[in-house]
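Worksheet: the structure to be examined is printed underneath.
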Amino acid sequence: MAGYRLVTASAYPGMMAPLTRHPSCICVLSGDAGATPGTTGLSLERLDGVRRRWRFGDVARLADFVPKVLATSADDDDRPVLLIPPRASLAWESAVTAWPGRVRLAASPMRVAEPIAEDKIMVRSKLRELGLPVPEELILDASDVDFATVARKLGTPFVMQAPSGAGGQGTYLVSAESAVIEALAGQPHVSHWLFSQYAGDVTINAGGVVYADGVRLLPVSIQSSGIRELGFGFGAYCGSTFGSSAESSVEAAAIEAAAVVGEWLRTLGHRGVFGIDIAVGGSQIALLEINPRVQGSSWLLSELQDEPCLVSHVEALLGVPLGASLRQPDPVRPGSHLLLRWDGPAGVVHDLPEPWPGVSGLPERGVTLLPGAIMARFEADEPLTTSDGRSLADGARRTILSLKEGFDITPARMPR
């Protein structure tokens with residue numbers, strides 16, 4: 001990577017660590033404010049004065065500013081630019097062709113990644129074809145959705161998902177007809193739905209890095225999701241824990257499944273990081289979906305590894321060989337992280353707590369927080385949640401409550 005000037009792009013700067021601290025990094029494009037010393041930071045938060053639940057498509061608005069950054073870069077630095085987003089998009093592909101000089105997009109081809117990322121129904125079918133365990137399911141057009149029909153086939157509670165939802169958005173745990181009615185009303189644009197048998201209280205993540213000549217498998221993590229005190233509903237990703245995994249047989253089964261999926265992705269032409277969300281019920285696993293991109297836990301895992309997976313991600317995209325058809329996960333130090341989201345109405349930040357070690361991602365004073373925006377990120381070398389990832393550990397709860405008390409947020413007047 002030393003032969004390039006690196007430009008990273010993500011919803012928040014921490015997502016692409018440690019790349020933002022790489023000596024070659026010159027620019028960080030993100031939703032949240034903040035940049036690593038020595039780099040230029042372009043953020044939608046500072047541009048708009050608003051922090052929302054940024055998506056990568058939002059951040060693509062910042063592409064127009066990159067030529068200005070390049071123009072102020074060192075005159076004697078003729079290295080080409082390498083743009084490293086979590087996932088490719090049409091906006092970034094178009095921007096790269098328009099930027100002056102030599103610019104390369106380091107992302108898996110859209111023709112490969114987009115169908116996998118956007119169609120849970122297709123992915124579930126492919127997983128079954130690969131001989132991997134998946135939950136029993138039912139697919140219905142929106143006009144044919146009927147609670148009693150689904151409940152008879154799948155039992156209750158069951159999971160209702162929009163096929164293209166990400167990060168837990170568009171995912172509902174359904175125990176009564178009212179929840180189905182609410183989901184349909186809240187997602188009127190969804191034409192058909194994926195219903196799945198509830199496969200377990202614990203969700204883990206397994207994955208790897210796909211090279212042209214093989215797959216490097218990554219350690220299994222326990223996912224934290226749906227923690228109300230953090231501002232998340234059912235199924236919404238809010239953190240990860242490494243080094244405190246499920247029982248050995250479950251972890252072995254998850255790693256074996258990741259090897260199968262990684263090889264399939266390799267034959268499709270995917271390169272770089274991927275992850276699989278897996279439900280655990282007792283000693284049984286059920287694969288839920290595949291994420292062919294940098295994940296929310298990738299930055300934490302990179303911090304815990306001797307060979308950071310985000311560096312491997314870039315090397316795989318640049319064509320560096322793995323040198324093996326399959327590499328098992330390397331040992332990793334324990335670590336945990338959580339996200340705190342704003343779950344109130346739109347509000348202006350007048351004051352905020354002083355950050356302490358392990359806390360980052362705080363908004364700036366004067367910023368308007370919209371529902372779902374990240375208020376803070378927490379990192380520790382011990383689990384921040386209970387073993388199932390569904391509740392806060394006592395120490396983490398006290399820390400988070402104390403931090404929340406340090407905010408002064410008043411209702412914002414939003415334009416009509």
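Summary table below
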item: Neighbours by Cβ (under 9 Å, 6+ apart or cross-chain): first from the stretch 381-397, without any contact (Cβ under 8 Å) to a residue 24 or more places away in the chain; second not hydrophobic (A, V, I, L, M, F, W, C); result: 393/336; 393/382; 393/383; 393/385; 393/386; 395/382
item: 1 or more residues within 22 Å of residue 369 (Cβ to Cβ): qualifying helices (runs of 4 or more DSSP H) within the stretch 8-98; result: 44-48, 56-59
item: Subset of the stretch 93-116 [at pLDDT 90 or above, touching a strand residue (DSSP E or B) at 6+ places or on another chain (Cβ under 8 Å) and open to solvent by less than 30 Å² (accessible area, probe 1.4 Å)]; result: 106, 107, 108, 116
item: Options 331, 355; residue that is farther than 30 Å from residue 106 by Cβ and surrounded by fewer than 16 Cβ atoms within 10 Å (Cβ to Cβ); result: 355
item: Options 5, 61, 51; residue that is more than 20 Å from residue 313 (Cβ to Cβ), of a type outside the set (A, V, I, L, M, F, W, C) and in contact with a strand residue (DSSP E or B) (Cβ under 7 Å, 6 or more places away or on another chain); result: 51
item: Failed item, numbered, when residue 150 is tested on (1) surrounded by fewer than 16 Cβ atoms within 10 Å (Cβ to Cβ); (2) more than 25 Å from residue 206 (Cβ to Cβ); result: (1)
item: Filter pass, residue 339 being farther than 22 Å from residue 261 by Cβ and either without any contact (Cβ under 8 Å) to a residue 12 or more places away in the chain or surrounded by 18 or more Cβ atoms within 10 Å (Cβ to Cβ) (or both); result: yes
item: Meets criteria (under 30 Å from residue 312 (Cα atoms), open to solvent by less than 10 Å² (accessible area, probe 1.4 Å) and among the basic types (Lys, Arg)) for residue 124; result: yes
item: Any hit, the stretch 183-197, residues being assigned to a strand (DSSP E or B) and open to solvent by 60 Å² or more (accessible area, probe 1.4 Å); result: yes
item: Any hit, the stretch 279-286, residues being more than 25 Å from residue 2 (Cα to Cα), more than 22 Å from the chain's Cα centre (by Cα) and assigned to a strand (DSSP E or B); result: yes
item: Options 371, 321; residue that is open to solvent by 70 Å² or more (accessible area, probe 1.4 Å), at pLDDT 95 or above, touching a Phe, Trp or Tyr at 6+ places or on another chain (Cβ under 8 Å) and not in a strand (DSSP E or B); result: 321
item: Scope the stretch 378-404; condition open to solvent by 20 Å² or more (accessible area, probe 1.4 Å) and either of a type in the set (S, T, N, Q) or part of a strand (DSSP E or B) (or both); matching residues; result: 379, 380, 386, 387, 391, 399, 402
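Yes/no per residue for (1) charged (D, E, K, R); (2) farther than 24 Å from residue 48 by Cα:
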position: 338; (1), (2): no, yes
position: 345; (1), (2): no, no
position: 355; (1), (2): no, no
position: 364; (1), (2): yes, no
position: 382; (1), (2): yes, yes
position: 396; (1), (2): no, yes
position: 409; (1), (2): no, no
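The values are calculated or read from the model by the stated rules, or taken from the named source; none is laboratory data. Computed from a predicted structure; not experimentally measured. Cβ: placed from backbone, ideal geometry, glycine included. Neighbour counts: every protein chain shown. Accessible surface is based on the protein model in full, side chains and every heavy atom, while ligands, DNA and RNA are left aside. Shrake-Rupley method; radii C 1.70, N 1.55, O 1.52, S 1.80 Å.
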